[in-house]
Amino acid sequence: MAVLKAKEVKRMSREERNAKLQELRFELVKAGVTANKTNAKTKEIKRAIARLLTINKSQGENLSKGAGNKIPKAHKGELKNK
């Protein structure tokens, strides 16, 4: 797995980023990642996934699972004023 740089990710289309994200997630599962055990390969895969998600978010696209279901919490001050 080659290093995925931010410049490369920005040049990708939305479909390419989505495909790459799914590919990296599958590769992470295939690598047998556990909570206690990480190596250089798994760290690089996690970083690449984070880069993809960060750039997607900055460009207004949210491809992570369940991210669209989040409801913002009201501030405590807003609840008292009503």
> Out of the range 3-31, which residues are loosely packed, with under 12 Cβ neighbours inside 10 Å, touching an Asp or Glu at 6+ places or on another chain (Cβ under 9 Å) and either without any contact (Cβ under 8 Å) to a residue 40 or more places away in the chain or of a type outside the set (Val, Ile, Thr) (or both)?
Replying inline: Arg14
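On the basis of being loosely packed, with under 10 Cβ neighbours inside 10 Å, more than 24 Å from Lys10 (Cβ to Cβ) and either modelled with pLDDT of 80 or more or in contact with a strand residue (DSSP E or B) (Cβ under 7 Å, 6 or more places away or on another chain) (or both), does Ala74 make the cut? Steps first, answer last, please.
Numbers: loosely packed, with under 10 Cβ neighbours inside 10 Å: yes; more than 24 Å from Lys10 (Cβ to Cβ): yes; either modelled with pLDDT of 80 or more or in contact with a strand residue (DSSP E or B) (Cβ under 7 Å, 6 or more places away or on another chain) (or both): no.
No, not satisfied.
The values are calculated or read from the model by the stated rules, or taken from the named source; none is laboratory data. Computed from a prediction, not measured in an experiment: that's the story for all the values here. Neighbour counts are summed over all protein chains in view; Cβ atoms, including those assigned to glycine, are modelled from backbone coordinates with ideal geometry.
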